[in-house]
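Here is the structure we will look at.
The values are calculated or read from the model by the stated rules, or taken from the named source; none is laboratory data. No experiment lies behind these values; they were computed from the predicted model shown. Note that we place each Cβ from the backbone using ideal geometry, even for glycine, and neighbour counts take in every protein chain shown. Only protein heavy atoms, including side chains, enter the accessible area calculation; ligands, DNA and RNA are left aside. Shrake-Rupley method; radii C 1.70, N 1.55, O 1.52, S 1.80 Å.
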Amino acid sequence: MIGVRLVQKVSSTRAFAKVAPHVIPALDRAVHRLTRGKVLLSAQMLPGVILTSTGARSGLPRRAPLACMPEEGGGSWILVGSNFGRTGHPAWTGNLLARPDAEISWKGRDVPVTAVLLTGEERAAVWKALLAFWPPYATYQDRVERQIRLFRLIPRS
């Protein structure tokens with residue numbers, strides 16, 4: 001597991017927070033498109049989805065490759081609005097707040113979902129599980145004054 005620890009250490013640095021948002025999503029989108037939704041590069045370390053949400057202001061579809069934490073039982077996913085530990089909330093979180101119905105591409109399958117912003121005790125319990133799942137989230141939270149948004153994605157019928 002040295003590789004995982006090294007990636008966790010690197011992903012906790014400020015340099016990573018500056019570079020990664022410009023490189024990782026572009027690579028993920030390209031590989032996802034080339035493999036017809038079957039592969040995300042970033043998912044080699046963490047599970048990932050391609051989120052298609054509706055722009056809060058534009059009303060247009062917006063796609064974002066994101067790490068996720070699948071919940072036990074496989075029926076829902078947690079998305080973390082960490083923005084790599086940068087100061088502002090990522091745009092996709094604002095889109096989900098305005099229009100919670102979205103779609104994810106999960107392992108090559110398109111799944112319609114509804115996003116629920118987690119708060120209070122429910123958020124605290126999920127945050128604890130997230131830190132066990134990917135410890136760098138603690139560094140991201142320490143770096144910013146905002147509370148990192150957590151969303152549960154629940155499949156729609």
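Restricting to segment 128-140, and then to whatever is open to solvent by 40 Å² or more (accessible area, probe 1.4 Å) and not small (Gly, Ala, Ser), can you tell me which residue is modelled with the highest pLDDT? Before the answer, list the steps.
Going residue by residue through segment 128-140, those that are open to solvent by 40 Å² or more (accessible area, probe 1.4 Å) are 128-129, 131-133, 135, 139.
Adding the requirement that they be not small (Gly, Ala, Ser) leaves 128, 131, 133, 135, 139.
Values: 128: 97, 131: 94, 133: 89, 135: 89, 139: 90.
Taking the candidates together, the pick is 128.
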Test for residue 56: is it more than 16 Å from the chain's Cα centre (by Cα) and modelled with pLDDT of 85 or more: yes
List the helices (runs of 4 or more DSSP H) inside segment 79-157, counting only whole elements, that have at least 2 residues being among the hydrophobic types (A, V, I, L, M, F, W, C) and farther than 19 Å from residue 46 by Cα. 91-98, 120-133
Residue 120: surrounded by fewer than 17 Cβ atoms within 10 Å (Cβ to Cβ) and more than 16 Å from residue 154 (Cβ to Cβ), yes or no? yes
All-but-one check, residue 85 against (1) within 15 Å of the chain's Cα centre (by Cα); (2) open to solvent by 20 Å² or more (accessible area, probe 1.4 Å); (3) at pLDDT below 95, failing number (2)
Take residue 135 and tell me if it is touching a residue at least 60 places away in the same chain (Cβ under 8 Å) and more than 15 Å from residue 49 (Cβ to Cβ). yes
Near pairs, Cβ below 7 angstrom, 6+ apart or cross-chain, from segment 139-157 (β-branched (Val, Ile, Thr)) to any residue that is part of a loop (DSSP other than H, G, I, E, B): 139/12; 144/87; 148/82; 154/76
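Which of the residues that make up segment 88-110 are buried (at least 17 other Cβ atoms within 10 Å of the Cβ) and under 21 Å from residue 123 (Cβ atoms)?
Those that are buried (at least 17 other Cβ atoms within 10 Å of the Cβ) and under 21 Å from residue 123 (Cβ atoms): 89, 90, 92, 93, 94, 95, 96, 100, 102, 104.
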